[in-house]
Every structure is written in C-alpha cells, then in structure tokens.
1. Out of all the residues in the stretch 67-108, which are loosely packed, with under 14 Cβ neighbours inside 10 Å and touching a strand residue (DSSP E or B) at 6+ places or on another chain (Cβ under 9 Å)?
2. From the list Ile75, Ile47, which one is on the phi < 0 side of the Ramachandran plot and in contact (Cβ under 8 Å) with a residue 12 or more places away in the chain?
3. Check the stretch 15-24 and report whether any residue there is assigned to a loop (DSSP other than H, G, I, E, B) and either without any contact (Cβ under 8 Å) to a residue 60 or more places away in the chain or out of contact with any helix residue (DSSP H, G or I) (no Cβ under 7 Å at 6 or more places or on another chain) (or both).
4. Restricting to helices (runs of 4 or more DSSP H) lying wholly in the stretch 34-108: which have 2 or more residues that are within 18 Å of the chain's Cα centre (by Cα) and among the basic types (Lys, Arg)?
Amino acid sequence: MTTTATMVWLIIGCALVTWLPRIIPFIFVRNVKLPEVVLKWLSFIPICILSALVIENLLDTESGKIVTLNWPVFITFVPTLVIALVTKSLSITVVAGVIIMAAVRFFM
C-alpha cells in the first residue's frame with residue numbers, strides 16, 4: 001500500500017478534528033476563574049463517564065429483549081472493585097483486572 005498526499009492530508013485533518021475539541025476548552029478557560037458550583041459539577045464528570053462504561057459492559061442486551069448480567073464481566077468486576085478500593089492504585093487495579101479477566105475467560 002502506498003502513501004499518497006491525499007492520505008497524509010486526511011490523517012492530518014483527522015488528527016486536528018480529534019485534537020482541537022479537546023484543546024480549545026482549555027485555552028478559553030485557562031484565564032477564567034470558574035465559580036465553585038461549576039467546579040463541583042465538573043468534578044462529577046469522570047465518575048459519571050466511568051460508571052456509564054462499567055454498567056454498559058456489565059449488562060448483556062444482545063440476548064433478546066431481557067437485560068441480563070454479563071456474568072464473566074461481573075465475576076471480574078467484583079474482585080477488581082475490591083482491589084481498587086483497598087489499594088487505591090490505578091496501575092494495580094488495571095493489572096489485576098486484566099489478569100482476573102484472562103483467568104475468567106480461560107476457565108469459562
């Protein structure tokens with residue numbers, strides 16, 4: 001496969017479209033003092049996004065009209081959550097979660 005100028009410009013354009021929406025808010029808010037209410041509201045965004053991702057993976061909606069638990073993911077989630085609460089370390093939690101999921105997939 002050869003690389004053409006069109007492909008290079010397409011990649012640069014995609015990079016800009018991905019990068020600009022992430023950077024522009026920081027440029028505008030950098031010199032502005034945000035109210036305490038806005039800062040408090042913004043502090044909830046990461047946990048909301050993480051919760052949505054976790055819940056989406058825990059529930060199995062592909063089996064039909066009934067929503068059920070995705071048992072391999074649930075079996076992995078419980079010990080990983082305990083490890084996260086005990087260690088409060090992102091690296092340990094991620095490594096443990098990957099190892100637990102690999103073990104669950106191997107034995108199921």
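Derivation of every value follows stated rules applied to the coordinates shown; laboratory data play no part. Note that the coordinates shown come from a computational prediction; the quantities given were computed from them, not determined experimentally. Here the Cβ is made from the backbone with ideal geometry for all residues, glycine too, and neighbour counts use every protein chain on show.
1. The answer is Val67, Thr68, Leu69, Trp71.
2. Numbers: Ile47 fails: in contact (Cβ under 8 Å) with a residue 12 or more places away in the chain.
Among Ile75, Ile47, only Ile75 is on the phi < 0 side of the Ramachandran plot and in contact (Cβ under 8 Å) with a residue 12 or more places away in the chain.
3. Initially, the stretch 15-24 is screened for residues assigned to a loop (DSSP other than H, G, I, E, B), giving none.
Within the stretch 15-24, none of the residues are assigned to a loop (DSSP other than H, G, I, E, B) and either without any contact (Cβ under 8 Å) to a residue 60 or more places away in the chain or out of contact with any helix residue (DSSP H, G or I) (no Cβ under 7 Å at 6 or more places or on another chain) (or both).
4. Working: elements: 36-43, 45-58, 71-87, 90-107.
Those helices (runs of 4 or more DSSP H) do not exist here; none qualify.
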